[in-house]
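*Asks:* Here you go, one structure.
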There are 2 protein chains.
Amino acid sequence: MYFCGMLINELAKRTGITAHTIRFYEKSGLIQGKRDEKITSNNYFHYDEATVEKLELIKDAKSIGFTINEIGNLMDAWYSNKMTIAEKLSVLKDKMQAIDEKISQLIAMKQMIGEFMETVENENC
Amino acid sequence: MYFCGMLINELAKRTGITAHTIRFYEKSGLIQGKRDEKITSNNYFHYDEATVEKLELIKDAKSIGFTINEIGNLMDAWYSNKMTIAEKLSVLKDKMQAIDEKISQLIAMKQMIGEFMETVENENC
DNA sequence: TACAACCATAGAGTATAGTCTATACTTGTA
DNA sequence: TACAAGTATAGACTATACTCTATGGTTGTA
């Protein structure tokens, strides 16, 4: 038995993301499995530990509202060699700013809701 | 000329939301225009200042990632009389918690990106 | 070697949140 | 009064992000 990384189902179990969704992410360019040229009987994709990490990053980024496209850019800055250091830093700085903006908006909304809760409480009197 | 509030196009101008999208929100139950029973020649909807405020709230809530459905619940707690004070407070508290969670996740992501920026910068050496 | 479990690909289907088109009636203005 | 501009409704269309089904081949185990 020859093993090079893991197949899609194990990756799914490891990350809690379904094989279907993993294939969707692969088609979207977020991750890339590798085919083993020494195996000719099938064309199964093999995934490494780095892919597990990438999928965790994708989960985190999605949960805070980044789109697949935005995550793709972030991943390029993170993992690929297609960008210069300056370009990478620029992408990362942009994301930082986007996050700061979101935090500000969330805090503003918290304030609004907090004020409204007081109003609602005083309806009692 | 008889005026009761504003028609959809003025509401659109006031809020920066297109008439199409406003109708979509109306169909989704987020806002409600009123028809003037004294006018029989048409069935135009009339909107008041409160609707302007609601649409601003919708914009804010959307920008921080709330869905139409979630915004609907929030608006019920905010404006409707269908809920008791305790129910309203419960909805608002839930939203507060959801926002706190999002803020935590955003801060965690900022940290990750920050650490990664340092790594990228050190690739220079 | 049967056969359940696994893999790949293509493409259909779903949910959310709009966005646009067509149709038809109403209003305001030159 | 013509006619451009505004309004309502229904329904088609788009984009995003999955999710599922169908089909056909491969692997592992009893």
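The values are calculated or read from the model by the stated rules, or taken from the named source; none is laboratory data. None of these values were measured; they are calculated from a predicted model. Using ideal geometry, Cβ is built from the backbone for each residue, glycine included, and neighbour counts are taken over all protein chains shown. Surface accessibility is based on the protein's heavy atoms, side chains included, excluding ligands, DNA and RNA. Shrake-Rupley method; radii C 1.70, N 1.55, O 1.52, S 1.80 Å.
*Asks:* List nothing, just return the count: lysine pairs in chain B, 8 or more apart or interchain, with Cα separation under 14 Å.
*Replies:* 4
*Asks:* Can I ask one more? Counting protein heavy atoms only and a 1.4 angstrom probe, how many square angstrom of accessible surface do chains B and A bury in total, to the nearest 100?
*Replies:* Chains B and A together bury approximately 3300 Å².
*Asks:* For chain A, what does the alpha-carbon gyration tensor say about shape, rounded, prolate or oblate, given a ≥ b ≥ c as the root eigenvalues, a/c under 1.5 as rounded, and a/b over b/c as prolate?
*Replies:* oblate
*Asks:* Taking a label point 7 Å out from Cα toward Cβ, give me the nm distances from A:LYS93 to the same spot in the other copies, shortest first, one decimal.
*Replies:* With the label placed 7 Å along Cα→Cβ, A:LYS93 yields 4.5 nm.
*Asks:* If you keep only loop residues by DSSP, which GluC sites (Glu not before Pro) in the stretch A:20-68 have at most 14 other Cβ atoms within 10 Å of their Cβ?
*Replies:* A:GLU37
*Asks:* Could I ask something else about it? With an 8 Å Cα cut-off and a minimum separation of 6 or more residues, compute the relative contact order for chain B in percent.
*Replies:* 18 percent
*Asks:* Divide by every residue of chain A the summed helix terms, -39500 (n - 2.57) for each DSSP H run of at least 4, and state the resulting mean residue ellipticity at 222 nm, rounded to the nearest 500 deg cm²/dmol.
*Replies:* Only helices count here, giving -22000 deg cm²/dmol.
*Asks:* Also, I was wondering about something else. In the stretch A:13-46, which chymotrypsin sites (Phe, Trp or Tyr not before Pro) fall in coil by DSSP and have 15 or fewer other Cβ atoms within 10 Å?
*Replies:* Here the sparse-neighbourhood loop sites are A:TYR44.
*Asks:* I need the shape label for the protein assembly as shown. Rule: rounded when a/c is under 1.5, else prolate if a/b > b/c, else oblate, with a, b, c from the alpha carbon gyration tensor.
*Replies:* Prolate, since a/c reaches 1.5 and a/b exceeds b/c.
*Asks:* Just checking the output field for A:96-106: average partner chain Cβ neighbours within 10 Å of each residue's Cβ?
*Replies:* Rounded to a whole number, the mean comes out at 4.
*Asks:* Rounded, prolate or oblate: which fits the stretch B:1-66 when a ≥ b ≥ c are the square roots of the eigenvalues of the alpha-carbon gyration tensor, with rounded for a/c under 1.5 and prolate only if a/b beats b/c?
*Replies:* Values: a/c = 2.45, a/b = 2.08, b/c = 1.18.
Here the stretch B:1-66 falls in the prolate category.
*Asks:* Something else about it: How many nanometers, to one decimal and shortest first, lie between the label point of A:THR21 and those of its other copies, if labels sit 7 Å from Cα toward Cβ?
*Replies:* Distances to the matching label points in the other copies: 2.8 nm.
*Asks:* Next up: Determine ³J(HN,Hα), in whole Hz, for all residues of the stretch B:8-24 in sequence, where each value follows from phi through the Karplus function 6.51 cos²θ - 1.76 cosθ + 1.60 and θ = phi - 60°; x replaces Gly and Pro.
*Replies:* After applying 6.51 cos²θ - 1.76 cosθ + 1.60, I find 4, 5, 5, 4, 4, 5, 5, 9, x, 10, 5, 4, 4, 5, 4, 4, 4 Hz.
*Asks:* Here's something else I'd like to know. For the stretch A:1-66, what is the accessible area per residue in Å² when the probe is 1.4 Å?
*Replies:* With the other protein chains kept in place, the stretch A:1-66 gives 65 Å² per residue.
*Asks:* Can you give the log10 of the normalised intensity I(q)/I(0) at q = 0.14, 0.31 Å⁻¹, computed with Debye over equal Cα scatterers of the stretch B:83-125?
*Replies:* For the stretch B:83-125, the Cα-only Debye profile gives -0.51, -0.93.
*Asks:* At 1.4 Å probe size, with every protein chain present, just tell me what the per residue accessible area of the stretch B:83-125 comes to in Å². Each step should come with its number before you reach the end.
*Replies:* Values: 2620 Å² over 43 residues.
Result: 61 Å² of accessible area for each residue.
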